[in-house]
Amino acid sequence: MMLSNFKLRVTANSLFIRLFASFLIVVVILVSFNFFSLTFSKNKVRDEVINYNTLNLRSTTDNYEKEFELIKNQLLNFYFNENVQLLYFGGSSINYDIAAKTMQDIRQITVNPLLFLDNLILYYKKPSLVLDKNSMTTDSTFFKKFYSSKDYPLAFWQSQFQNQTNFRVYAPSDFYDIPFANDYNSLGQAFPVVVKNSWSQDFYMAAFLDMRKMFQAYHLSINDNFFILDADGKQLFTSSTDANLGAPPAYDSAKAYTKKDNYYYFYRKGSVSGLIYVNVVPDAFIASQVKLNVSLVSLLIISLGISIVASLLFSFGFHQPIRRMVASFKQANSSVPIHSGIREFNQLGSQINRIHEDLNRKNSQLQSFAYISSVKKIRSNLEMDFVDRPYVIVLFELTYMKRGEDYKRIEQNWSYYMRQFIELEFKKHYPESLTFQIESSRILSVSFMEESDHSALKQLLCQMKHIFDFDKEEVYVTMVISPFYTSAAQMTEAYDEALKLSKKRRLNNETQIIDCMDAPEPGPVSIFLPPQQEQEFTVNLQAGNEVETLQIVNRFLAQLHKKAATSLQFYHFADEIIHKTLKILTAIQADFSHLGEQTALREQIFDCHTYEQLAAYLEKFLTAAVELIHQKKDERDPITDFVFNHLENNYSGDITLELVADKLNISSGYLSTYFKDKTGVNFIDYLNDLRIRKAKEMLLEPGSLIQDVARKAGYQNMNSFNRMFKKFSGITPSEFRKQALP
């Protein structure tokens with residue numbers, strides 16, 4: 001008897017019996033649950049489906065209302081933005097620097113994908129000023145040209161100052177950009193949302209929402225029959241494609257739903273916006289749910305049989321290989337199964353060890369990829385998620401004294417060893433730091449530390465500076481310390497701030513540390529000669545006066561040096577001098593091909609790493625230019641002289657090759673070929689180059705608007721102006737203004 005009990009106990013404790021019993025218990029529980037669920041819900045399926053759609057609509061409504069609450073709070077918080085307030089209390093006077101910063105703040109809000117914003121405007125009643133993410137202009141220009149709508153004319157927006165409602169969603173409308181008469185550029189359909197502050201009656205904000213995107217994000221129903229009504233029952237939005245579905249019945253606040261014809265209409269009113277949300281479900285769908293009960297009972301019986309058979313198969317499938325593994329453990333050291341006499345187990349154990357080693361190595365690489373994706377704004381599945389962990393970004397920019405194909409391999413070696421050295425030093429002091437290479441000349445270190453450790457970080461960089469200085473004849477380094485941040489979501493902002501700070505580098509070949517906490521803001525430094533000096537430069541250069549020309553340039557370089565101008569400001573000035581010189585050489589038809597193209601000359605500018613090198617380079621270039629001027633002093637061509645003078649005086653108007661050819665009484669084809677042969681440039685390229693140079697001068701004038709500059713420079717289309725400006729300058733108009741006046 002005892003032996004029988006022992007055998008029974010051993011059999012009951014076997015893995016196969018336990019597995020099979022566990023599967024059967026799960027099957028019985030699931031069958032019981034389904035059976036009682038079907039029995040209980042047989043006569044209540046319709047009510048459950050209705051309740052499901054009611055809860056579904058509640059969830060959709062809550063999502064929409066949370067979004068509106070988020071937008072409302074975001075804009076109300078934006079009211080207290082320092083730049084917004086400075087513009088508001090500035091009255092009729094406009095501070096364009098503050099306005100530009102405000103526009104940048106607007107862009108940061110609109111790029112947030114969680115807000116579903118197409119645009120955001122700030123409307124100041126005095127001085128009738130409207131700012132959005134792309135422009136700053138008067139209200140009449142903005143609402144008639146840049147954001148025009150037939151449903152919302154200028155009078156509508158002006159009337160909002162008298163409207164006492166602080167938050168309201170209006171009906172959608174199509175908005176257009178009309179830069180010129182009959183030139184309509186669609187901006188798409190958007191829902192205007194007006195947000196006002198009770199204390200600022202002469203100022204409000206308006207957000208333009210993309211309701212299609214909100215619908216795709218928040219509508220959770222199985223069909224697209226969805227409406228949004230205003231408080232009066234007027235339809236604001238619908239996604240329905242059902243031709244048989246008419247307007248929803250009148251809203252009754254006492255009912256959660258109502259039935260009309262063959263449809264159920266579910267209603268819910270928003271607590272924030274006051275909007276009424278309607279979800280429509282066909283009656284045929286709800287009725288079909290009841291008919292599913294018979295089918296489900298049949299499927300339940302079939303599933304029970306299949307589950308029992310599957311339980312046996314799964315139990316055998318698990319039991320057999322594990323039994324063989326247990327047997328192998330008994331033959332070998334069970335604590336170290338990879339030393340089993342069975343080759344497959346040893347291979348499996350060795351493979352697992354290699355996998356762990358490989359995973360540990362790749363985990364660090366994946367972490368690096370995640371940080372790189374974050375700072376470079378690359379969408380990926382490698383997410384970082386931390387808050388309240390203070391960290392700082394240190395950007396290392398490497399500048400090589402020599403460039404070219406022969407030095408590429410040397411540069412790669414330098415960047416590799418630099419990264420290894422930086423990573424080693426940071427790991428010593430900040431074990432959680434991560435160092436990786438963003439670009440061939442940029443290395444980034446992310447270090448987690450408290451703000452109180454800032455001085456220790458500065459001391460570490462000073463020690464590294466002494467090491468870098470040993471190789472400054474080959475490469476010098478710019479080390480930039482960003483502000484402290486506490487969230488993974490701010491990684492891109494931290495990197496952008498570090499890039500911005502790197503532009504404060506001075507013109508020398510020393511290793512420089514630029515710290516956000518003590519880096520002085522560069523003063524207003526103009527990169528252009530004053531009008532009088534520019535005229536003197538032009539006159540002396542055209543006359544071939546080498547000494548006077550060099551004195552003007554050297555004096556201005558000395559002024560930039562005295563004002564502690566950045567290296568970028570020096571480079572921009574040198575580029576402008578070369579451009580003006582080449583223009584004069586082109587005008588006299590001098591052959592300056594041996595000097596090189598302007599692109600190559602610009603690259604040579606960036607090869608000047610010190611003030612002395614840049615001054616020597618400009619002196620050499622201007623000396624060569626003066627020699628060419630002396631050679632061509634008596635060789636003037638009447639046709640090209642006429643073209644140069646005519647374009648200089650009429651560049652803002654409608655100029656074509658045919659019109660200029662008519663004035664010379666020659667054919668346009670002959671003039672095109674003749675001009676190219678004499679100057680080395682096409683007529684249209686010379687005209688666009690002239691216009692862009694004039695536009696640069698106008699962009700530096702206080703209060704100038706990019707749209708006005710484009711028109712005065714001869715461009716009636718902003719797209720053409722932006723394209724040509726980038727073609728001839730390498731940057732956009734707004735980037736040029738930022739670099740010229742940091």
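Here's a check for you: in segment 213-235, which residue that is among the small types (G, A, S) and over 34 Å from the mean Cα position of the chain (by Cα) is farthest from V278 (Cα to Cα)?
Pass one, segment 213-235, residues among the small types (G, A, S): 217, 221, 231, 233.
With the extra rule that they be over 34 Å from the mean Cα position of the chain (by Cα), the set shrinks to 231, 233.
Working: A231: 12, G233: 11 Å.
Step by step, filter segment 213-235, then rank; the result is A231.
With the requirement that a residue be touching a helix residue (DSSP H, G or I) at 6+ places or on another chain (Cβ under 7 Å), under 27 Å from R506 (Cα atoms) and assigned to a loop (DSSP other than H, G, I, E, B), what does segment 524-555 give you?
Hits for segment 524-555 are V525, I527, F528, L529.
Name the residue that is nearest to A190 (Cα to Cα), counting only residues in segment 86-113 that are in contact with a Phe, Trp or Tyr (Cβ under 8 Å, 6 or more places away or on another chain) and of a type outside the set (D, E, K, R).
First pass over segment 86-113, keeping only residues in contact with a Phe, Trp or Tyr (Cβ under 8 Å, 6 or more places away or on another chain): 87-88, 105, 109.
Pick out the ones that are also of a type outside the set (D, E, K, R) and you get 87-88, 109.
Working: L87: 27, Y88: 27, I109: 17 Å.
Selected residue: I109.
Tell me which residues, restricted to segment 478-497, are more than 16 Å from the chain's Cα centre (by Cα) and more than 25 Å from L557 (Cβ to Cβ). Quick ask: steps written out before the conclusion?
Step one: list which residues in segment 478-497 are more than 16 Å from the chain's Cα centre (by Cα), which gives 478-487.
Result: M479, V480, I481, S482, P483, F484, Y485, T486, S487.
For every residue, the table says whether it meets (1) buried (at least 19 other Cβ atoms within 10 Å of the Cβ); (2) within 16 Å of F728 (Cα to Cα).
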residue: A565; (1), (2): yes, no
residue: F570; (1), (2): yes, no
residue: A600; (1), (2): no, yes
residue: H609; (1), (2): no, no
residue: L614; (1), (2): yes, no
residue: K620; (1), (2): no, no
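With the structure loaded, tell me whether R602 is part of a loop (DSSP other than H, G, I, E, B) and either closer than 30 Å to I666 by Cβ or modelled with pLDDT under 85 (or both) or whether it fails that test. Explain how you work it out, then say what you get.
Numbers: part of a loop (DSSP other than H, G, I, E, B): no; either closer than 30 Å to I666 by Cβ or modelled with pLDDT under 85 (or both): yes.
No, not satisfied.
Residues are listed down the side, and each one gets a yes or a no for (1) outside any loop (DSSP other than H, G, I, E, B); (2) farther than 30 Å from Q104 by Cβ; (3) out of contact with any His (no Cβ under 9 Å at 6 or more places or on another chain):
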residue	(1), (2), (3)
S445	yes, no, yes
S452	yes, yes, yes
S455	yes, yes, yes
A489	yes, no, yes
D496	yes, no, yes
L501	yes, no, yes
N509	no, yes, no
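Select from segment 162-204 the residues that are among the polar types (S, T, N, Q) and touching a residue at least 24 places away in the same chain (Cβ under 8 Å) and list them in ascending order. Give the derivation first.
Taking segment 162-204 and keeping what is among the polar types (S, T, N, Q), we get 162-166, 173, 182, 185-186, 189, 197-198, 200-201.
Listed by number, the residues that qualify are N163, T165, N166, S173, N197, S198, S200, Q201.
Which helices (runs of 4 or more DSSP H) does segment 683-742 wholly contain that include 1 or more residues that are in contact with a Cys (Cβ under 9 Å, 6 or more places away or on another chain) and of a type in the set (S, T, N, Q)? Give the steps one after another, and end with the answer.
Details: elements: 683-699, 706-712, 718-729, 733-740.
Filter on segment 683-742 gives an empty set.
Does K255 satisfy the condition of being closer than 19 Å to I50 by Cα, touching a residue at least 12 places away in the same chain (Cβ under 8 Å) and not aliphatic (A, V, I, L, M)?
When the stated conditions are applied, K255 passes them.
Please count how many residues of segment 456-486 are small (G, A, S) and crowded, with 16+ Cβ neighbours inside 10 Å. Steps first, please.
Quick first cut of segment 456-486, residues small (G, A, S) only: 456, 482.
Imposing the further condition that a residue be crowded, with 16+ Cβ neighbours inside 10 Å reduces the set to 482.
Here the count works out to 1.
Quick one: what pairs do we get from segment 673-685, first residue on the phi > 0 side of the Ramachandran plot, second exposed (fewer than 14 other Cβ atoms within 10 Å of the Cβ) and part of a helix (DSSP H, G or I), C-beta under 8 Å, 6+ apart or different chains?
Correct list of pairs: G680/S593.
Quickly run through segment 619-670 and pick out the residues that are under 46 Å from the mean Cα position of the chain (by Cα) and over 30 Å from F721 (Cα atoms).
The answer is E619, K620, F621, L622, T623, A624, A625.
Would you be able to say whether some residue in segment 469-477 is under 19 Å from D518 (Cα atoms) and either in the same structural domain as L501 (by TED's automatic domain parsing) or in a strand (DSSP E or B) (or both)? I'd like the intermediate steps shown before the answer.
From segment 469-477, those under 19 Å from D518 (Cα atoms) are 477; that's our starting set.
Subset that is either in the same structural domain as L501 (by TED's automatic domain parsing) or in a strand (DSSP E or B) (or both): 477.
There is at least one residue in segment 469-477 that is under 19 Å from D518 (Cα atoms) and either in the same structural domain as L501 (by TED's automatic domain parsing) or in a strand (DSSP E or B) (or both).
Picking from A710, A695, A625, which residue would you name as being in the same structural domain as K727 (by TED's automatic domain parsing), under 21 Å from F528 (Cβ atoms) and touching a Ser or Thr at 6+ places or on another chain (Cβ under 6 Å)?
On the way: A710 fails: touching a Ser or Thr at 6+ places or on another chain (Cβ under 6 Å); A695 fails: touching a Ser or Thr at 6+ places or on another chain (Cβ under 6 Å).
Selected residue: A625, the only one of A710, A695, A625 that is in the same structural domain as K727 (by TED's automatic domain parsing), under 21 Å from F528 (Cβ atoms) and touching a Ser or Thr at 6+ places or on another chain (Cβ under 6 Å).
Quick one: which residue in L120, L114 is outside the structural domain of N719 (by TED's automatic domain parsing), under 14 Å from A207 (Cα atoms), of a type in the set (A, V, I, L, M) and touching a residue at least 60 places away in the same chain (Cβ under 8 Å)? Walk me through how you get there before you give the answer.
Details: L114 fails: touching a residue at least 60 places away in the same chain (Cβ under 8 Å).
Matching residue, one of L120, L114: L120.
For segment 108-134, what are the residues that are of a type in the set (S, T, N, Q) and touching a helix residue (DSSP H, G or I) at 6+ places or on another chain (Cβ under 6 Å)?
To start, the set of residues in segment 108-134 that are of a type in the set (S, T, N, Q) comprises 108, 110, 112, 119, 128, 134.
Across segment 108-134, the qualifying residue is only S128.
Across segment 642-672, which residue is surrounded by the fewest Cβ atoms within 10 Å (Cβ to Cβ) among those that are assigned to a helix (DSSP H, G or I) and in contact (Cβ under 8 Å) with a residue 24 or more places away in the chain? Even if it seems obvious, please write down each step before you answer.
Applying the first criterion (assigned to a helix (DSSP H, G or I)) to segment 642-672 yields 642-650, 657-664, 668-672.
Narrowing further to those that are in contact (Cβ under 8 Å) with a residue 24 or more places away in the chain: 643-644, 647-648, 657, 664, 671.
Numbers: V643: 25, F644: 20, L647: 17, E648: 11, L657: 18, L664: 16, L671: 21.
This residue is E648.
What are the residues in segment 703-742 that are in contact (Cβ under 8 Å) with a residue 24 or more places away in the chain and touching a Pro at 6+ places or on another chain (Cβ under 9 Å), if any?
I706, Q707, V709, Q716, N717, M718, F721, F725, L741, P742
In segment 137-146, how many are buried (at least 21 other Cβ atoms within 10 Å of the Cβ) and under 19 Å from S734 (Cβ atoms)?
Residues of segment 137-146 that are buried (at least 21 other Cβ atoms within 10 Å of the Cβ), as a first pass: 142-143, 146.
Restricting the remaining residues to those that are under 19 Å from S734 (Cβ atoms) gives 142, 146.
Going through segment 137-146 one residue at a time, the tally reaches 2.
Could you list, in sequence order, the residues of segment 100-135 that are more than 21 Å from the chain's Cα centre (by Cα) and of a type in the set (A, V, I, L, M, F, W, C)? Spell out how you get there, then give the answer.
Narrowing segment 100-135 to residues more than 21 Å from the chain's Cα centre (by Cα): 122-130.
Residues satisfying the conditions are L122, L129, V130.
Look at segment 435-455 and say how many of its residues are of a type in the set (A, V, I, L, M), buried (at least 18 other Cβ atoms within 10 Å of the Cβ) and out of contact with any Pro (no Cβ under 7 Å at 6 or more places or on another chain). Step through it out loud before you land on a result.
Step one: list which residues in segment 435-455 are of a type in the set (A, V, I, L, M), which gives 438, 443-444, 446, 449.
Now restrict to residues that are buried (at least 18 other Cβ atoms within 10 Å of the Cβ): 443-444, 446, 449.
If we keep only those that are out of contact with any Pro (no Cβ under 7 Å at 6 or more places or on another chain) as well, we get 443-444, 446.
The total comes to 3.
Acidic (D, E) and either more than 23 Å from S415 (Cβ to Cβ) or surrounded by 16 or more Cβ atoms within 10 Å (Cβ to Cβ) (or both): is that true of E432 in this structure? I'd like the intermediate steps shown before the answer.
Working: acidic (D, E): yes; either more than 23 Å from S415 (Cβ to Cβ) or surrounded by 16 or more Cβ atoms within 10 Å (Cβ to Cβ) (or both): yes.
When the stated conditions are applied, E432 passes them.
For every residue, the table says whether it meets (1) part of a helix (DSSP H, G or I); (2) modelled with pLDDT of 85 or more.
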position	(1), (2)
L557	yes, yes
H561	yes, yes
Q569	yes, yes
L585	yes, no
D591	no, no
F621	yes, yes
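Within the group L115, L87, which residue is outside any loop (DSSP other than H, G, I, E, B) and not polar (S, T, N, Q)? Give the derivation first.
Details: L115 fails: outside any loop (DSSP other than H, G, I, E, B).
L87 is the lone residue from the list that is outside any loop (DSSP other than H, G, I, E, B) and not polar (S, T, N, Q).
The values are calculated or read from the model by the stated rules, or taken from the named source; none is laboratory data. Note that the structure is predicted; figures quoted are calculated from it, not measured. All Cβ positions, even for glycine, are placed from backbone atoms using ideal geometry, and neighbour counts span all protein chains on display.
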